[in-house]
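Here the structure is laid out as structure tokens; the discussion comes afterwards.
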Amino acid sequence: MKYRDQFLVSSIAAMILLSFFAAPAEAAIELKATDRSLLELCALILGGIGIFLIGIHFAGEHLQQMAGGRFEKIVGGLVTRYYGVVSIGTLLGFLTQSGKAAAFILSDLVSVKLLSTRQAGLVVFWGNVGCTLIVFASMLSLKVFALIVLGITALGLTFHIPKQLVKTYGALFGMAMIMYGLFLVKDGAGGIASAGWVPEFIEALRGTYLLSFIAGLTLTLLIQSNLAVMMISIALASSGLLTLPETAAVMYGAQAGTGILTYIFSFHAKGLARQVVAYQIAFDLFTTVFFVTLFVIEMGLGVPLLLAAVEAIFSQLSTQTVMLALVFQTIGAVLLTTLRRTVYARVEYFFPPSKTESLSEAEFVHKDAHRTPELGLLLIKREQNRLLHRLPAYLEYARNPSAKGATHPQHYHLAFNFLSRQINSVLYGISKQNLNESLAEDLISATKEHEQLVNLEDLLHQIALQIAGYHQDNQAKHLGEIILESVDFLILTAVETIESGDQEDIATLASLTQDRSEMMANFRKAYFGAEQSLDNDARSYVLDITLLVESVVKSLSRYGQLLLLTERSTSHLSEGSRDST
């Protein structure tokens, strides 16, 4: 069976199965008179929104910390299979009860490379279906369930019992906060919806589908949950206050409202993380336009389509509204999955990865490189050389920060840190293998060289920021420019030396990077004595730059010595091998 057919068959089977449980779902939100004040009801909604948002961040942070090891293998294995994507999406949507919340949590996982954006996109589509399933859980008190999870996970976080589950406790605690926050929002919204003026307002909606759509959109913007609005509309329909077409218009408006909210909240996300959030926006936009179009054709032209099919299959209005909510979310997920390549292309075009994310892509090292130590060390060497070739770009920016297309050193620095963690992870994995003496020596050399590369990169990052950030036009600035060219010469020499691996070049590098501490100290003393007119900022600038240059020279010297030792060790082993032969 083809991938697309599997989606369709599974979706229809799920809807048929869930239809048997639709009868009790009308009690998901009860509209009954309340003696609570309007201020208290509004406070419930506002407080629920706050707990909901904090829950998103809390769950996302702990899911990030869980990235790696067994959790990564489980998630990585599931997202490569159709049923895995549907399962993860549905479960995450059901737990968070918000497609928007699920999208933001997934964006955090994409940020740490646990998922690709396209894998996360599929999970986002099916997360919306999982949200809708909450209407079938009406027999379970959401508040009681959320409080039980909050209590258990809070005890686990406090006493660390068992310690290895602390990150899992944190993720579940965040999801329970999301559920409890939505309960408060629904509780407050249900109280407001049961107010005495509501029936009059509902009466105004009868037959006015555009007003029903606007009401659903507005309520979603106010209470921050399209699911709450959908459940309220189901309760109103169950009470005979709304017909099926009016309920459908409210639901479609709620879907449009959550798309607007997701777009507003997406501004804090950048690059690939925002792509994931954009998939939720695409889902909301597509489903709204598609089903509103069907609605207009059916109600305006009298062509029997979705609403007629739901009315023909299910007799009770409460069941019809529940199934409508599930059907339009599920069909939306199926259609978006079918059109996913087009959606991916458009999202990636309008929301490209950030500069840092583009620079963070490894070219040689990958997470399984440690499985073959010889190959892993070779890949690490190539990745290190690639990073080494980037270092002159730091100084190029410092030379002309305003140049068109210049990349700020901070982007390189953050990308370097990410790739450095990947290299360290592979080095650690190789160290766990059963290595012979030669490989063990190579591992030690690669580790030490990487330490020097990390140190050197950090120093050049600081130098570039110092020089680019100093704007006074005085002798100190001119001195910085001279020092910049000297450091640039040393770095280019080091890059060529490391690339060639020639012993004479290595010896030249070692000669150029002899300890210059005493010379630089005398230079500073003489310079400060001659330039009496320098203010404190200029003196501090000269002091910082010269100290950083000293550190660069020392780091390059150690790098050269490591290369020389490695070259001699390799030559010695080659000679020993020839002698034994």
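Counting Lys and Arg as +1 and Asp and Glu as -1 over every other residue whose Cβ lies under 12 Å from the Cβ of Gly429, the net charge comes to +2.
Cross-linked pairs Lys113/Lys448; Lys367/Lys404; Lys270/Lys367; Lys355/Lys432; Lys163/Lys432: Cα-Cα separations exceed 32 Å for Lys367/Lys404; Lys355/Lys432.
Extension gain for Ser425-Phe145 works out to 96.9 nm (0.36 nm per residue, less the C-alpha to C-alpha distance).
Ranking of Lys404, Lys381 by neighbouring Cβ atoms within 10 Å, starting from the fewest: Lys404, Lys381. For the peptides 215-224, 543-552, residues were scored by their other Cβ atoms within 10 Å and the scores averaged per peptide; the highest-first order is 215-224, 543-552.
Near Gly257: Cβ cut-off under 15 Å, other residues only, Lys/Arg at +1 and Asp/Glu at -1. The net charge is 0.
Legend: ranking of residues Glu363, Glu61 from fewest to most surrounding C-beta atoms inside 10 Å; resulting order Glu363, Glu61.
Put in order of Cβ neighbour count within 10 Å, fewest first, the listed residues Asp284, Asp187, Asp35 become Asp35, Asp187, Asp284. Listed peptides 299-310, 348-359 appear in the order 348-359, 299-310 once ranked by packing, highest mean of other Cβ atoms within 10 Å at the front.
Taken together, the values in this text are just the output of simple stated rules run on the coordinates, not laboratory data. As the structure is a prediction and not an experimental result, all values here were calculated from the model. As a convention, Cβ positions derive from the backbone with ideal geometry for all residues, glycine included, and neighbour counts pool all protein chains shown.
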